[in-house]
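No value in this document is a laboratory result; all are computed from the given coordinates. Everything numeric in this text was worked out from a predicted model, so none of it was measured. Neighbour counts run over all protein chains shown; Cβ positions are idealised from the backbone, glycine included.
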Amino acid sequence: MENRQSILREIPKIDELLLDEQLIFFMESTPRAVIVNAAREITERVRTEILVGNRKEAPDRQEMVSDIRALVEGKKKHSLRHLVNASGVILHTNLGRANLCQEAVKGVLEVADSYSNLEYDIAKGARGSRHDHVGEIISRITGAEAAMVVNNNAAATMLCLSAMACGKEVIVSRGELVEIGGSFRIPDIMEQSGAHLKEVGTTNKTKLSDYRNAFALELTGALMKVHTSNYRIVGFTQEASLTELAGLAAQLSLPLIYDMGSGLMVDLSRYGVDEPSVGAALRDGADVVLFSGDKLLGGPQAGILIGKKEYIDRMKRHPLARAFRVDKMTLAALEATFFEYLDTEGAKKNIPVLSMITVPEAELKARAGRLKEKILEKAPAFTVETSECTDQIGGGSAPTTRLSGQAVLVSGGGFSAERLERLLRKAEIPVIARVAHDKVLLSVRTIREHELDLVARAFACAASQAETAKG
Ligand SMILES: *Cc1c(COP(=O)(O)O)cnc(C)c1O
């Protein structure tokens, strides 16, 4: 605490900052009061960061002046914007999960700036349904009888439970009462949907007989299996497989719902990704399967429901379907993404999430080398090396999968790694990197080729701050 107090005392005073040449110059174009307010806001922000322990050193005058200018100018910028993900986490939920494939981007642009047949049947010249556009291609790719799309998988779960089991009990294993993050918890969603959770088994062991014993005629509405997508239970464990549950559901004339989280469509076991695939889930006998559009499927944010036509039709007619419906841009992106899956090998190249998982190590190594050269060229003051690193799938998918990646490590230039990481975030196009062993670590798996120059420029910009501070 004492240490934090002494760091606080080192923060440049607002009066001193206002005498800075750059800010005096800035006042010619911006009212003094606006700059004073920005200076107060930045000072407050820095104090809080120091007090909560997120910042280990006081900023110098130059950093404060740049932040004040950036704050004033930033108010003119859009809030949601492009940044470079150098974290090596492919499906980073905070950074927007999946990048769309080129065809999906084209699809979005096409429907965004023109009218479309969103709910119009061109052949009949009459009203159509927005569900029709993707239903057929999804069925073709997954082998499902029918499909529909809503806003995200959380909405899909809610709609499915509400349409199939409102007022009834849904039997779920205690080992699968997942929290996905934010406020998505299976028990809470269940309650909101009007279905009643009937928990069975224990955290580590649930047997098929547990489901059978919990069945009550008139009361039970469905069996549900939830893929524990963001954690694994290991050791003394047992669970009922989808196939076993399908057999039981058929005996009891109940639907079997499977929330599988990530919509993996191709076999990635060769790359260490041990997630169930959509095709296998249907073959194993699930009646309705739910998954996200923007996890391993690699498309836009969406919740996809596939399975028996009678159930999907019931969901399409449910009032929540309207509340959860997706817009034309999502449908365009999703249709184009599914089209890529007509050619599995092509999909692995064209869908960014898949290409980032399957990229050969040699290619990552070459990219790291190119990034190193570009940084040294634009910002020679830094020490730059390449090294191995560990990457992740992220987005609550394949939690145990570790991908061996390639990184560029940057240090020196008169900065601590902590300060350098912060300056990269403040670049014109922010760069999100990691700090490891007092160096800034940039994993190249998630950096796209055309972004290498942006990263180098962010370092040049950081270096120039060090120089202005000295001068
Ligand atoms: C991710 C996930 C969800 C939520 O999906 P969103 O598309 O993020 O709403 C639900 N269930 C499981 C098992 C998941 O992995």
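Quick notes
- Taken as Cα centroids, the stretch 174-190 and the stretch 330-359 sit 29 Å apart, rounded to the nearest whole angstrom.
- Taking every DSSP beta bridge that has both ends in the chain, the antiparallel portion is near 60%.
- Dipole in debye (nearest 20) - the stretch 102-350, about Cα centre, beta carbon charges: Lys, Arg +1; Asp, Glu -1: 320 debye
- Rel. contact order, % - alpha carbon contacts under 8 angstrom, at least six apart, the stretch 145-213: 36 percent
- For the chain, the dipole from Cβ point charges (+1 on Lys and Arg, -1 on Asp and Glu) about the Cα centre works out to 360 debye, to the nearest 20.
- Label zone at Gln238 (point 7 Å along Cα-to-Cβ), backbone N below 20 Å, the stretch 191-220: 199-215
- Based on Cα contacts under 8 Å between residues 6+ apart, the chain shows a relative contact order of 19 percent.
- Student exercise, the stretch 2-76 dipole from Lys, Arg, Asp, Glu Cβ charges, in Debye to nearest 20: 280 debye
- Per-selection Kirkwood Rh - the chain (Cα, Å, 1 d.p.): 25.2 Å
- Computed lengthening from Arg47 to Val34, 0.36 nm per intervening residue step minus Cα-Cα distance: 2.7 nm
- Label point distance in nm, Arg325-Glu428, each placed 7 Å from Cα along Cα→Cβ: 4.3 nm
- Alpha-carbon centroids, the stretch 81-120 and the stretch 388-456: separation in whole Å: 22 Å
- Unit charges at the beta carbon, dipole of the chain: most positive-side option, Leu17, Val384, Asn54: Leu17
- Computed from the alpha carbon positions, the gyration tensor of the stretch 2-74 leads to an equivalent ellipsoid with semi-axes of 24, 11, 9 Å, biggest first.
- Axis angle, to the nearest 10 degrees, between helix 153-165 and the longest C-alpha principal axis of the chain: 20 degrees.
- For the stretch 223-294, the relative contact order is 38 percent, taking Cα pairs closer than 8 Å that sit 6 or more residues apart in sequence and dividing their mean separation by the residue count.
- From most to least packed by mean Cβ count within 10 Å, the peptides 314-321, 409-416 give 409-416, 314-321.
- Three semi-axes describe the equivalent ellipsoid of the stretch 303-439; taken as square roots of 5 times the Cα gyration tensor eigenvalues and ordered largest first, they are 42, 19, 14 Å.
- Ordering Val326, Ala154, Leu254 by the projection of their Cα atoms onto the charge dipole of the stretch 102-350, which places +1 on the Cβ of Lys and Arg and -1 on the Cβ of Asp and Glu, puts Leu254 at the extreme positive end.
- Cβ-derived FRET efficiency at R0 35 Å, Glu145 paired with Lys106, nearest 0.05: 0.70
- In degrees, nearest ten, helix 328-340 long axis to first principal axis of the chain (Cα): 80 degrees
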